[in-house]
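Asks: Before we start, here is the structure in question, set down as structure tokens.
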Amino acid sequence: MADKIELNKNFIETELPVAPPLYVSIYLMTLLVGQDSQKVAEKLNATESDVLRAWAYWMDRKVMQKEGAKKTPEKRILVSAECPDYSPAELAMYAKNQDVKRLFDSAQQKLGKFLSQRDTSLLFSFHDWLGLPLDVIDTLLSYCTANGHKNMAYIEKIAVDWAEKGIDTVEKAVEYIEIRKTGFRAILQAFGQNRPPVPAEEDYMKKWLWEYKLPVEVIKIACERTVLKTGRVSFPYADSILRQWRDAGVKDAAGIEELDKAFAAKKNQQNQTQANQPAQTTQKPKQNRFINYTQSEWDFAELERLEREQREKW
């Protein structure tokens, strides 16, 4: 452990005013004890995830070097589908962190109950396992409880969904909530529906909004065209339209208009090509040595006369 540490003047003037306070503490402690994430976390009553994220921040800012680190700070990746379980002793240690303690207190108020050991373990896992910041978890709790969902299994499902979508700031969380609130309703209204979506419909809308990354206005146009074309609500049909638009790089209504013009021009060119082709002449039926005239030329009266003549000869 170092006897003393030195701080660059530029760090104090430039970095210190804008950096998160916890990240500053982690940086100073790292200078003191070295790049050992577990030791730094224990000294500050923080989590190793906090330490790794702080190191990544300082490396991006070119304040820290990667060399010598016992654990390379990387973006958290969910390796296991199973949520870890923390012991009461671990949770008590983590709760010494005032931000973690505030989250537990806030959750208790929002859920309207005393938190069990399982509840606190699950909440803390959202931060340590999923990598969600504590203020984002608090926003998530407000969102779920405001909609009447206080079941921890449901809250865990939403937390995993947010982590997979990269919702790692309060700003992103607020934007996501607003899109779900107004965007889903707008999409259903474009289908002529005034009702909550069923889960399968939600899956389609999530895909359009967050996987395809299409604006609500573009999605609404696809829904309206689906109804006009099929006469019914068809999320798969709308998905086929939106997938083509996504692949074509459509970002707004103007992009759709350009695509429509290009399609119309191509169609018109095909029609002109067909119109300029010479008309095909009707082929005559093939003739052979037994029949040298078509059926339409048969003279049935003449045939009867020939047949009578033949009988008279007999």
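Each value in this text was obtained by applying a stated rule to the coordinates, not by laboratory testing. This one's a predicted model, so the numbers in the text were calculated from it and none came from an experiment. Glycine gets a Cβ as well: all are built from the backbone with ideal geometry, and neighbour counts include every protein chain shown.
Asks: Ranked by Cβ crowding within 10 angstrom, fewest neighbours first, how are Cys144, Cys83 ordered?
Replies: Cys83, Cys144
Asks: Next question, about the same structure. Out of every Cα pair in region 88-168, what percent are spaced more than 15 Å from each other?
Replies: Counting pairs separated by more than 15 Å, the tail of P(r) holds 51 percent.
Asks: Restricting attention to region 87-175, which trypsin sites (Lys or Arg not before Pro) occupy a DSSP loop and are surrounded by at most 14 other Cβ atoms within 10 Å?
Replies: Listed in order of number, the matching sites are Lys96, Lys113, Lys150.
Asks: Okay, next question. When Asp105, Asp50, Asp119 are ordered from fewest to most other Cβ atoms inside 10 Å of their Cβ, what list results?
Replies: If I rank by nearby Cβ atoms, fewest first, I get Asp105, Asp119, Asp50.
Asks: What percent of all Cα-Cα pairs in region 9-60 falls into each 10 Å bin, going from 0 up to the bin containing the maximum distance?
Replies: 27, 57, 16
Asks: Rg/Rh for region 194-275: what does it come to with C-alpha atoms and Rh from Kirkwood?
Replies: 1.06
Asks: For region 1-51, which GluC sites (Glu not before Pro) are in a loop by DSSP, counting at most 10 other Cβ atoms within 10 Å?
Replies: Those satisfying the criteria are Glu6.
Asks: Here's something else I'd like to know. Just report the Cα centroid separation between region 247-265 and region 143-190, whole Å.
Replies: If you average the Cα positions of each part, the centres end up 31 Å apart.
Asks: Fewest to most neighbouring Cβ within 10 Å: what's the order for Asp36, Asp247, Asp128?
Replies: With the sparsest Cβ surroundings first, the list reads Asp247, Asp36, Asp128.
Asks: Within region 175-270, count lysine pairs with alpha carbon atoms under 15 angstrom apart where the residues are 8 or more positions apart or belong to different chains.
Replies: Close lysine pairs found across region 175-270: 6.
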